[in-house]
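Student: Have a look at the structure that comes next, please.
Rule-based calculations on the coordinates, nothing more; no lab input. This one's a predicted model, so the numbers in the text were calculated from it and none came from an experiment. FYI the Cβ positions are ideal-geometry reconstructions off the backbone, even for glycines, and counts take in every protein chain you see.
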Amino acid sequence: MSLDNIVSKIEGILRSKTKQGFVGIWEDEHKMIAAAHEARKAGCTKFDAITPFPMHAVDEAIGLKRSYIPWVTFIFGTAGCLFGIWFTWWTSAVDWPIIIGGKPMMSFPAFIPVIFECTILLAALSSVGALLFICGLPKVDPPVIDPDLTSHKFAIFVPEDDTFYDTQKLEKIFKDHGATDTRKTEF
Amino acid sequence: MIKRAPLVWGKKTYKDITDDISSLVENVPGLPYFVTLLTAKGVLIFYLCVLAAIVVTGMGLMGVNSPVGWGTDIVTFVFWIGIGHAGTLISAILFLFRQKWRMSIARSAEAMTVFAVMTAGLFPILHTGRPWLAYWLLPYPNQRGPLWVNFRSPLIWDVFAVSTYATVSIVFWYIGLVPDLATIRDRAKNPLRKKIYGILSLGWRGTGRNWNHYEMVYMLLAGLSTPLVLSVHSIVSFDFAVAQLPGWHTTIFPPYFVAGAIFSGFGMVVTLMVIIREVVPKYKHYVTLNHMENMNKIIMSTGLMVGYAYGSEFFIAWYSGAPYEQYAFVNRAFGPYWWAYWTMVTCNVFIPQLFWFKKFRRSIPAMFIISIFVNIGMWFERYVITVTSLHRDFLPANWGMFDMTFFDFGALFGSFGMFFTLFLLYIRTLPSISMAEVKPVLYVNREEGDKINVFG
């Protein structure tokens, strides 16, 4: 693979993949949640809310399950623990065994702190890695519908390939629930 | 009904919070900021000169010698690592306990952790005397056998503990920053600022699906940091406790060190918050007197734990019947280093008792002075543990004293320059209060809220 190919591949990964769709914007988060429930009742499944801070009501309104990242943490934490046990054993008892202070080659109790730190380190870094991977981060050009969506406004975005996508009906749902703005957009 | 005081004062809306906190990053700060920064930078430059002199000339410039082979470097290392622990306590442990008041101080406390650990990390490397060989501490395949590090040694546990702690703290802090960096990116008018914060925010979009995973990871990191922070200072205490020396060889050390670390760290958080509240008055709406009072309560209770540990050490020395152990403690309190011991006891046990009174808990000048005493006392605690135990061991022929040189004082004083420079730069360039965490804990009834806080 040539250098140009690699560069364009990295660029491809860092560019956001956007979709056309329909958005409603609110200034009151409670009305947005009500509209999200309504949209879900109408048949939307792939739609998403955009909020400046985490809201638990959003998970219920758009039908999100509990995140599965704890499994990643558990698996990598276990792997870190096993690695720590193997590494302290292999270096101290196999590769170059040296008697220190008359202690056994495999001094398990003395290795516990190092094994513990390996467990924590791998568990923490893998959780963050999983978060970035699942959320598709980092990206250099995230689409911005409204700059206030990271400050004090709330939005619902329905992509055009959603199971229910009827802009007129969606507009009515959004407007009925007090949306301040509705429009077709890219996100 | 018990009324809850609001966590943020001044009838703030979501937009007010964004404007207030972003403006610290977007506007050029006033004169007090630059005066403070330049002072800190001056001390930092002095620090670099001291370090350069020590590295170029050698460890002979510092006071360590036989029999006191662990001096200012180790004392100050433990001091700074301890400072860092309160940051993790606030950001992780209080998060797990659902203490909502933590939200507005968590970011700065976590930043304090990162900078304190950075400051601390230099000292053991300096202490080795050959800092250019510091990589020998890591177990890497080498051409000397490969000769691996000794995993039975507490000093190697320390390398693993501190480096893991630094890594996880930085990651935890950064993940918390991402949504706020996105806020600043979206507000930016200046294209360069937009670009820089755009890169730093990793392209965060704030969708429900992303928040769902984000919150889970934040909780996982808090859950992982909690045992981590307890392990770090336990392992630091093993550096002493695993040795056979009277005064070091005690089982109480891990909890005693952890309590002391939290105690000193909260002292530093209070010191920093008082300064920031004066330099940046907007902070007073977010870090309220209630926050300060809560922290002072923690200082007082951890101070009592530390006092209990001091007493318990003496009791065990007496109860054990071991003459060397008994001598080590009598010598500590009434030997040639009595002044260090009683400075420690006064600063750590007696002075924080003033926080039993609400008046002192809620008085800014009082808490500032007490928090400085706590910092002084906790440095002396490590000095007492390290130096008084080493200076008189089993053979009176080997006894000696530890004299700090100009370079010892220089390294100790200069490290504050490094810490404060980093902290002041952080205040200027990153959102120093977590917007995405403060917004969800706003008081619902804002009009009522301000009436309650009058009575606190």
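Student: Semi-axes of the equivalent ellipsoid of segment B:1-83: what are they in whole Å, largest first, if each equals the square root of 5 times a C-alpha gyration tensor eigenvalue? Display every interim value, and only then the final one.
Tutor: Details: eigenvalues 404, 100, 15 Å².
Values for segment B:1-83, descending: 45, 22, 9 Å.
Student: Would you mind estimating how fast segment A:69-135 diffuses translationally, via Stokes-Einstein at 25 °C and 0.890 mPa s with the Kirkwood radius over Cα pairs, in µm²/s? Provide the component values of the computation, followed by the final result.
Tutor: Details: Rh = 12.9 Å.
In µm²/s, the coefficient is 190.
Student: Rank B:61, B:276, B:404 by how far each Cα sits towards the positive end of the charge dipole of chain B (+1 on Lys, Arg Cβ; -1 on Asp, Glu Cβ) and give me just the farthest.
Tutor: B:276
Student: Return the distance in nm (one decimal) between the two label points of a simple spin-label model at residue B:425 and residue B:359, each offset 7 Å from Cα along Cα→Cβ.
Tutor: 4.4
Student: While we're on this one: For a quick check: with amide H placed at 1.01 Å from N, whose amide H comes under 5 Å from residue A:181's, ignoring anything fewer than 5 positions away on the same chain?
Tutor: A:25
Student: Choose one of B:285, B:341, B:317: the residue whose Cα lies farthest towards the positive end of the charge dipole of segment B:245-396 (beta-carbon charges +1 Lys, Arg; -1 Asp, Glu; about the Cα centre).
Tutor: B:285
Student: Here's something else I'd like to know. Hey, what's the Kirkwood Rh for segment B:137-208 if you take every pair of different alpha carbons, in angstrom?
Tutor: On the way: mean 1/r = 0.0648 Å⁻¹.
Computed over segment B:137-208, the radius equals 15.4 Å.
Student: Can you give the relative contact order of chain A as a percent, counting alpha carbon pairs under 8 Å and 6+ residues apart?
Tutor: Working: 248 pairs, mean separation 91.7, N = 187.
Relative contact order, chain A: 49 percent.
Student: Now a separate question. Any chance you could tell me what percent of the C-alpha pair distances in chain B go past 39 Å? Working shown, then result.
Tutor: On the way: 24979 of 103740 pairs.
That tail contains 24 percent of the Cα-Cα pairs.
Student: I'd like the distance between the alpha-carbon centres of segment A:28-107 and segment B:6-26, rounded to an integer number of Å.
Tutor: Each part reduced to its Cα centre gives a spacing of 31 Å.
Student: Evaluate 2.2 N^0.38 Å with N set to the residue count of segment B:245-396, then give the Cα radius of gyration divided by it.
Tutor: Numbers: Rg = 17.4 Å, N = 152, 2.2 N^0.38 = 14.8 Å.
So segment B:245-396 has a normalised radius of gyration of 1.17.
Student: What pairs in A:19/B:195; A:9/B:189; A:31/A:184 have C-alpha atoms more than 26 Å from each other? Please report the intermediate quantities before stating the final value.
Tutor: Values: A:19/B:195 23 Å; A:9/B:189 31 Å; A:31/A:184 20 Å.
Over 26 Å apart, Cα to Cα: A:9/B:189.
Student: Would you kindly give the portion of the calculated P(r) for segment B:325-449 that falls above 19 Å, as a percent of all Cα pairs?
Tutor: Working: 5319 of 7750 pairs.
Distances greater than 19 Å cover 69 percent of the Cα pairs.
Student: Sticking with the crude label model, points 7 Å out along Cα→Cβ, report the distance from residue A:181 to residue A:96 in nm, one decimal please.
Tutor: So the two model labels end up 6.5 nm from each other.
Student: For segment A:1-120, what's the radius of gyration and Dmax over Cα atoms, in angstrom?
Tutor: Answer for segment A:1-120, Rg first and Dmax second: 25.7, 73 Å.
Student: How large is Rg/Rh for segment B:211-304, to two decimals, with Cα atoms and a Kirkwood Rh?
Tutor: Values: Rg = 17.5 Å, Rh = 15.8 Å.
Here Rg/Rh amounts to 1.11.
Student: Just the number: Rg to Rh for segment B:330-383, Cα atoms, Kirkwood Rh, two decimals.
Tutor: Numbers: Rg = 12.7 Å, Rh = 11.7 Å.
Ratio of gyration radius to Kirkwood radius: 1.09.
Student: On to the next question. For residue A:46, give me every one of the aspartates and glutamates with a C-alpha distance below 18 angstrom, ignoring sequence neighbours fewer than eight places off in its own chain.
Tutor: A:38, A:59, A:60, A:160, A:161, A:162, A:166, A:171, A:186
Student: Taking a point 7 angstrom from the Cα of residue B:304 along the C-beta vector, which residues in segment B:337-373 have backbone N less than 11 Å away?
Tutor: It comes to B:353, B:356, nothing else.
Student: Working only with C-alpha atoms, what are the Rg and Dmax values of segment B:41-128, expressed in angstrom?
Tutor: Expressed in Å, the Cα Rg and Dmax of segment B:41-128 come to 16.8, 51.
Student: Suppose each label sits 7 Å from its Cα in the direction of the beta carbon; what would the residue A:78-residue B:403 distance come out to in nanometres?
Tutor: Calculated label separation equals 6.1 nm.
Student: At 0.36 nm per residue, and after removing the present C-alpha to C-alpha distance, how many nm does the segment from residue B:312 to residue B:19 gain when stretched out fully?
Tutor: 100.4 nm
Student: Another question, then. Checking the cross-link filter: which aspartates and glutamates have an alpha carbon closer than 19 Å to that of residue B:15, excluding same-chain neighbours under 8 positions apart?
Tutor: Answer for residue B:15, where 19 Å is the Cα cut-off: A:27, A:28, A:29, A:146, A:148, A:181, B:26, B:180, B:186, B:437, B:447, B:450, listed by chain and number.
Student: Semi-axes of the equivalent ellipsoid for segment B:169-250, please: Cα gyration tensor eigenvalues, times 5, square-rooted, ordered largest first, whole Å. Don't skip to the answer; put the middle values down first.
Tutor: Working: eigenvalues 346, 53, 8 Å².
Semi-axes (√(5λ), whole Å): 42, 16, 6.
Student: Related question: Would any residue of segment B:63-98 have its amide N under 18 Å from a label point 7 Å out along Cα→Cβ of residue B:324? List them or say none.
Tutor: B:67-70
Student: OK, next. Need one number for segment A:38-187: average projected area of the convex hull over its C-alpha atoms, nm².
Tutor: Working: hull surface 52.6 nm².
Over every viewing direction, the Cα hull of segment A:38-187 projects on average to 13.1 nm².
Student: With the Cα gyration tensor of the protein assembly as shown in hand, give its eigenvalues times 5 under a square root as the equivalent ellipsoid semi-axes, listed largest first in whole angstrom. Write down the numbers at each step before the final one.
Tutor: Working: eigenvalues 462, 181, 101 Å².
Equivalent ellipsoid of the protein assembly as shown: 48, 30, 22 Å, largest first.
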